[in-house]
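Worksheet: one structure, shown below.
Every read-out reported here was derived from the displayed coordinates using simple, explicitly stated rules and does not represent laboratory data. In this text, all values refer to a predicted model and were calculated from it rather than measured experimentally. Please note: Cβ atoms are built from the backbone with ideal geometry, for glycine as well, and neighbour counts cover all protein chains shown.
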Amino acid sequence: MARTLLDKVWEAHTVRTLPSGQTQLLIGLHLIHEVTTPQAFQMLRDGKLKVRMPERTFGTLDHIIPTADQTRPYADPMAEEMAVHMYRNTKDFGLPLFDMSTGRQGIVHVIGPELGLTQPGMTIACGDSHTSTHGAVGAIAFGIGTTQVRDVLATQCLAMAKPKLRQVRVEGALAKGVYAKDVILAIIGKLGVKGGVGYAYEYAGRVIEHMTMEERLTVCNMSIEGGARCGYVNPDATTIEYLRGRPYAPAGAAFDKAAAWWKSMATEPGVAFDDVARLDGGAIEPVVTWGINPGMSVGVSQKIPSPDAQPEPERPTFREALAHMGFEAGQPIKGARIDVAFVGSCTNGRLSDLRAAAEVAKKGKVAKHVRALIVPGSQQVAKAAEAEGLHEIFQAAGFQWRKAGCSMCLGMNDDKLQGREMSASSSNRNFIGRQGSPTGRTLLMSPAMVAAAAITGAVADVREILR
Amino acid sequence: MSPTDFARRQVTGRGLPLPGNDIDTDRIIPARFLKEVTFEGMGEHAFEDARKQNPEHPFNSPAYKGASVLVVGQNFGCGSSREHAPQALMRWGIRAIVGGSFGEIFFGNCVMLGIPCLVASQADLEWLQKAIGRAPQQPVTVDVEKQEVRFADRVIKATVPDGPRNQLVGGTWDSTAVLLEAGAAIEATAGKLPYVRGF
């Protein structure tokens, strides 16, 4: 019987069936960061436990670090304390830490693929919901909580139930000015923020097959926003060429053997999925969220929908969203005034994202009333961008060029919205309070659309600027 | 402790209705409260911003003080994997949650803390939220083993998948010990993987 990548990875990593009926699943790569691990390490100490496979565990600093002045000790004493704990924990338990001195520091979901740590056929876990990102290379990657981080540290395993599998097919071709971010926002808009509960998503179809690895990373990153436990793309020639030469990827003859195994893990033809969803890529226009979850979105030429047009149980959330955002049903999203523009995050903080934003930044200057930040996803992304002169393009246009970190995606450092500021953001969540101000407002969109909004001072259609 | 100390066959306590769908973990606990190296202080920050912005928020209501059974809508706990969210609810006093559906990472985190999350129908949830609102002092029983919720003289169906139910009822939800029991089978499984063994 034809098997899926999920089937093959699950079987290869099954240690045993637990008395509860769940699978004891081996985790091939464990990525850790400073915010969701201190309690897990303390639990290890309390239980006198060691890290089971330190050679399969890698740490970075991303959530709390400042992106302007990174001199230690950090200005925020709580951030400093978290960093101190991360250094101490990785040292005490003998784990590598990609800190600033390594030149490899960055957002955990940017550096994993970038370093070639993330590989096809692996199981991956990290105490961060956007771990689904790593599925882009053909891994099964789960976001987990801190007590589960303890489990992976202590046992290299998780107790998991195998999810059902939905294939999400995006056919056709994308128009100019339409990006991977628009594709995943369109998928979530169609299937809903809870449509994926109980499922893993396999992304396929012509649009996905033609995407670069960085574009696939953006799509898989937001699987969790669609409710899916994880999302992946089958490994293909794009995957193999992406991994070639990366520091932690196999080298020489081993690379060819690895590539053969990676390809063998892909879903076979003729598989029966639990569900299949289809989208026409050619019908997708630049997408902007108008509400308080990533499913509340419209095409940039469209109007904000009315709560009355929704099924009854959804109406209160729609009304709450309109009230929070200060929008009215029927209002066009285009032209909505913004105060802040943010390009960055594990969704859209990679080199191709910065290039797309820079192409738009060349066409104008940041509007006077807008504060605009470019935050590279990693030190290596920053270095590559600077080598191309992207930082100069951004600075000349009035954008701030920052150092790598999670930054204003979740406002755990000093990059925060103030009051009711409206943000055009390339990040992944428009939840109330997400960007650091309890009353702050977020419009999610692609990096090019963020740059377009920054220079226009309001939501704009990037297709008109690029024309 | 023996497994019986951990068994979560049923939870009985006063109810706390929290209407609304898609309540994310950022709402339950905003990120600025995650800058802590322990979970101890999380309880006081549960829904802090929502409570400040809305005096009518159910978590502000004296009627629900001391409640331990939270009754929510659809997709509760979506978003961030932060365990700080269920930790905050647990330290607020919540011992069981009944809802229409749950964010999967949140659900898993709750199991790890021994907090059962049960799924009931939209109609039953609306009834239960209203019924609790009319009689907040009356106890709700969440029966994990029988997969039902009892309030006053009514019994509603509320399900939890087999795996987590077995863990909760059997008291094996604190999983490190269970996973460690696999012993050398862990390394044996790893040793068969080409990327561990070497290509």
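Quick notes on this one:
- For the peptides A:27-34, A:206-213, the ranking by packing is A:27-34, A:206-213, with the highest mean count of neighbouring Cβ atoms within 10 Å listed first.
- With 0.36 nm allotted per residue and the present C-alpha distance subtracted, the A:His369-A:Glu464 stretch has 32.0 nm of extension available.
- Projected label distance in nm at B:His57 and A:Glu241, using a 7 Å step from Cα toward the beta-carbon: 5.1
- Applying 1/(1 + (r/R0)^6) with R0 = 30 Å to the Cβ-Cβ distance of A:Glu209 and A:Lys383 gives a FRET efficiency near 0.50.
- Additional length obtainable on full extension of the chain from A:Val271 to A:Arg16, 0.36 nm per residue less Cα span: 89.3 nm
- Proximity of backbone amide H atoms, modeled 1.01 Å from N, is registered between A:Leu279 and A:Arg169, A:Val170, A:Glu171 at under 5 Å, excluding neighbours fewer than 5 places apart on the same chain.
- Note on the protein assembly as shown: helix-only mean residue ellipticity at 222 nm, from DSSP H runs of 4+ residues weighted -39500 (n - 2.57) and normalised by residue number, equals -9000 deg cm²/dmol.
- Taking amide H atoms as placed 1.01 Å from N in the peptide plane, the amide H of A:Ala141 lies under 5 Å from those of A:Ile124, A:Gly135, A:Gly231, each 5 or more residues away in sequence or on another chain.
- Scattering profile of the range A:287-466 at q = 0.17 Å⁻¹ [log10 I(q)/I(0), Debye over alpha-carbon scatterers]: -0.97
- Pairs of Cα atoms farther than 23 Å apart, the range A:193-282, %: 31
- Cα Rg over Rh - the range A:59-146, Kirkwood: 0.99
- Put a dot 7 Å past the Cα of B:Ala188, heading toward its Cβ, do the same for A:Val84, and the two dots end up 4.6 nm apart.
- Of interest is the spacing of the C-alpha centroids, which for the range A:220-265 and the range B:126-186 amounts to 39 Å.
- A simple spin-label model places pseudo-atoms 7 Å from Cα toward Cβ; at B:Arg9 and A:Lys257 they are separated by 5.5 nm.
- 3J(HN,Hα) along the range A:100-115: 4, 5, 8, x, 10, 5, x, 4, 3, 7, 8, 6, x, x, 4, 8 Hz, from the Karplus curve 6.51 cos²θ - 1.76 cosθ + 1.60 with θ = phi - 60°, whole Hz, x for Gly and Pro.
- Amide H to amide H, with H built 1.01 Å from N, B:Leu118 comes under 5 Å of B:Ile97, B:Val98, B:Gly99, counting only residues 5 or more places away or on other chains.
- Cα convex hull, chain A: 148 Å³ per residue, rounded to a whole number.
- The 3J(HN,Hα) values that the Karplus relation (6.51, -1.76, 1.60; θ = phi - 60°) gives for the range A:165-176 are, in residue order, 10, 10, 8, 10, 9, 10, 9, x, 9, 7, 7, 4 Hz. Gly and Pro appear as x.
- Here r is the Cβ-Cβ distance between A:Thr439 and A:Gln395 and R0 is 41 Å; the resulting FRET efficiency, rounded to 0.05, is 0.85.
- Each 5 Å bin from zero holds the following percent of Cα-Cα pairs in the range A:5-160: 2, 9, 19, 22, 20, 14, 8, 4, 2, 1, 0.
- Here the scattering of the range A:139-291 is modelled by Debye summation over its C-alpha atoms, one equal scatterer each and no solvent; at q = 0.20 Å⁻¹ the log10 of I(q)/I(0) is -1.31.
- Scaled radius of gyration (Cα, divided by 2.2 N^0.38 Å) that the range B:4-153 gives: 0.97
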